[in-house]
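Notes follow once the structure below has been shown.
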Amino acid sequence: MNCPKCRTGALVPTRVQAVEVDQCPQCRGIWFDEQELGHLLAAKPGDLKPLTRGNDAGTDCVTGACPRDGKELLRVRSARDPQIVVDVCPQCRGIWLDGGEFGRLRQGK
Ligand SMILES: [Zn+2]
Ligand SMILES: [Zn+2]
């Protein structure tokens, strides 16, 4: 799978607890399948370091295509924090978070 945002990087599987997510080594964005994000937001903080690295790499305002099925991702404000715009696939319901957004979502105000 290629990164939907910077498009040059191949996503690298990253195992966190029992969940395998796919992360872009360049822009640090992360692809979560439908159930994975909720699961990891509820997980213990100590195990999540790999997901909180990175910061806004300028990819937030870019529209990308789903790395799984190629559908255009919808930009949606997070219910947890409306300041954060996440990218959701209308087909498979996977979620893309740009670099640093996972950490911000976890702080969830
Ligand atoms: Zn990328
Ligand atoms: Zn999809």
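Post the alpha-carbon centroid distance, region 12-66 to region 90-105, in whole angstrom. If you average the Cα positions of each part, the centres end up 7 Å apart. The phi-based Karplus calculation (6.51 cos²θ - 1.76 cosθ + 1.60; θ = phi - 60°) puts the 3J(HN,Hα) values of region 16-26 at 10, 6, 8, 10, 10, 10, 10, 10, 8, x, 8 Hz, whole numbers, x for Gly and Pro. Here the chain is treated as a Stokes sphere of Kirkwood radius computed over C-alpha pairs; at 20 °C and 1.002 mPa s its diffusion coefficient rounds to 158 µm²/s. When a 1.4 Å probe is rolled over the protein heavy atoms, the share of accessible surface on the chain that falls to carbon and sulfur comes to 48 percent. Each peptide in 85-91, 25-31, 70-76 gets a packing score, the mean of other Cβ atoms within 10 Å over its residues, and the list from highest to lowest is 25-31, 85-91, 70-76.
Our summary gives the chain a relative contact order of 27 percent, counting only alpha carbon pairs under 8 angstrom and 6 or more residues apart. Probing with 1.4 Å while keeping every protein chain in the model, the per residue accessible area of the chain equals 53 Å². Projecting label points 7 angstrom from Cα along Cα→Cβ for MET1 and GLN107 puts them 2.6 nm apart. In sequence order, region 59-69 has phi-based couplings of 9, 4, 8, 7, 8, x, 10, 4, x, 8, 10 Hz under the Karplus curve 6.51 cos²θ - 1.76 cosθ + 1.60, θ = phi - 60°, and Gly or Pro positions carry x.
The values are calculated or read from the model by the stated rules, or taken from the named source; none is laboratory data. These figures come from a predicted structure and were not determined experimentally. Counting neighbours? That spans all protein chains shown, and the Cβs are built from the backbone with ideal geometry, glycine included. For the accessible areas, the whole protein counts, side chains as well, though only heavy atoms, and no ligand, DNA or RNA atoms are used. Shrake-Rupley method; radii C 1.70, N 1.55, O 1.52, S 1.80 Å.
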